[in-house]
1. Please work out which one of (1) touching a residue at least 24 places away in the same chain (Cβ under 8 Å); (2) closer than 22 Å to residue 157 by Cα; (3) not β-branched (Val, Ile, Thr) is the condition residue 78 fails and give its number.
2. Would you mention how many residues in the stretch 321-377 are charged (D, E, K, R) and either crowded, with 16+ Cβ neighbours inside 10 Å or within 22 Å of the chain's Cα centre (by Cα) (or both)?
3. I'm told residue 126 meets every condition in (1) modelled with pLDDT of 85 or more; (2) in contact with a Gly (Cβ under 7 Å, 6 or more places away or on another chain) except one. Can you identify the failing condition by its number?
4. Every residue in the stretch 126-182 that is assigned to a loop (DSSP other than H, G, I, E, B) and charged (D, E, K, R), please.
5. Name every residue in the stretch 347-381 that is among the aromatic types (Phe, Trp, Tyr) and over 25 Å from residue 466 (Cβ atoms), in order of residue number.
6. Residue under question is residue 283, and the condition is that it be modelled with pLDDT of 80 or more, over 28 Å from residue 384 (Cα atoms) and not basic (Lys, Arg); does it hold?
7. Note down all Cβ pairs under 9 Å where the first residue falls in the stretch 14-39 and is in contact (Cβ under 8 Å) with a residue 60 or more places away in the chain, the second is outside any strand (DSSP E or B), and they're at least six residues apart or on different chains.
8. In the stretch 401-416, which residue that is touching a Phe, Trp or Tyr at 6+ places or on another chain (Cβ under 9 Å) and part of a loop (DSSP other than H, G, I, E, B) is farthest from residue 336 (Cα to Cα)?
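The values are calculated or read from the model by the stated rules, or taken from the named source; none is laboratory data. Quick caveat, the model's predicted, so the values are computed rather than measured. So basically every Cβ, Gly included, is an ideal-geometry build from the backbone, and we count neighbours across all protein chains shown.
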Amino acid sequence: MFNLNFEKSRRYYYDSEQGRCTSFTYNGALGNFNNFKSLSDCELFCEKLQCKHGTALKIRQVTQRCNRNSHCPSTHECQMDNKICCPKLHAICSQPLRLGNCKENIRRYWYDAVNHACQLFNYTGCQGNDNNFETLLECQNTCNNIIPKPRCPQGDAYKDNKGNYFICSDSNSAKTCPPNYECHFDGNLWGCCPTREYTCQVSFSKGVTCDIPSSYRYFYNSQIQECENFLYNGKLLFICCGGNSNNFQSYEQCESYCNDRKCPNGGSPKRNEFNKQIDCSSTVSCPNTHECTSLTSGNSIVNRCCPKRAYICSLPPHQGNSCGTSVVTRFYFNIASKECIEFTYNGCGGNLNNFATFEQCNNFCLSSACASGDIVHVNPSTHMQLECRSDVSNSCPNNFTCTYDELFGKNVCCGATNMEVCPSGEKAYMNAFNMSVRECLINVSTSCPDYYLCRFHMQTNRYYCCASINEDICPRGRAVYKYQSSKLPIRCIISSGSNQCPVGYNC
């Protein structure tokens, strides 16, 4: 550029090597078109050209370079022409509405992922996000076929091989989740979320390095049953660089999720007036609303008072508290009418008589008389419990026993079959919410409840919790070793490399 005594000024140009707009001193005349009066003008014009949709990933104002998709966070993919990380469509269309912080009034459209529709809004002109379209047609063409991200209690929802979130169903077998995932309703969407058992038993992953500052996180070590820290390779502005669901921001979150053992029917063990969990045994009973249940705590088995199914189903409906989330429709069991009824839930708090679907509510409370892992036998004609007589033998089908149901005031048949996934002569551990079989991880001692073993099923290529119908765990002629205090068997891991059993016993 020539200096013809024109007034010099500060201008901006787009540096394609660095992938960002940079200032320079303009001599006042000639030059080329890569010359902008302000940083915002440069960014608005040039940075929009980097990616087909949205803006490239920047860390500390530097555009992130890549050679393959694994160099980018899970929300982005590598744009091979420019070798930069560009946002995936579902990441753009799942972003919340952001009006910006300036004072203009610009007509724009954003995609409302909750209501699956493009909405009009007034953009203030700066500091928005990529979910910002100039026309309704552009918004619809970009986002209408996008499945938004379901929210999971821990970890990320499952995506198919095309990067789309999988919409599951509790009632449609064709829409079941893959191994180690379960169908979860977040109030707006159904998605496949990592199971608690999988999260707390899978080995931690450091994630991939993606030029984001590393940070210490916590994972649950299932071998020693304690939470430990590790160096995670990146998290910034909720953009995570790989890893898995066994990844917690704090020790307290890890302990609460994995080591504070939850009761089989939901909720936590009952506490006394000093906020200590109540111990129970054959001589120390629980309140009549609870039952003595063996739970794993650290390296030992403890007996705690857990709520009975009948108690949960007899609780009055509780709408909970408003906590910034949208209200949702839930279902509770009405003890007077003996049926599940919908109610409006405010999003937080409430009680355990709160089910995402009518089917979950009905399945759980119809089996209220059954022990954990067992379900009630339903009459296929009436869709109600099959009644039985305790004084008549064989009044229940095979593997089911006649049990009195306090909630319904009648005798019903409780038990389980092998569900075609357990070996002959064994029964499956059933989830009363959705009538599915509990899955497990092999050689993880806490993967299945007491008296249940983790069995491989070749046809489905999955592991399931199965128990002998007559509680005969060991091979014929051999007796299982039991704790003297709890009368429960000692858990062990076959491939641990050391004998974890007492002298004279093996795993």
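1. All conditions pass for residue 78, except number (1).
2. Residues flagged as charged (D, E, K, R) and either crowded, with 16+ Cβ neighbours inside 10 Å or within 22 Å of the chain's Cα centre (by Cα) (or both) within the stretch 321-377 amount to 3.
3. (1)
4. Answer for the stretch 126-182, where residues must be assigned to a loop (DSSP other than H, G, I, E, B) and charged (D, E, K, R): 130, 134, 149, 151, 156, 160, 162, 170.
5. Of everything in the stretch 347-381, those that are among the aromatic types (Phe, Trp, Tyr) and over 25 Å from residue 466 (Cβ atoms) turn out to be 355, 358.
6. In short, yes.
7. 19/47; 19/50; 19/56; 19/64; 19/82
8. Among those residues, the one meeting the criterion is 416.
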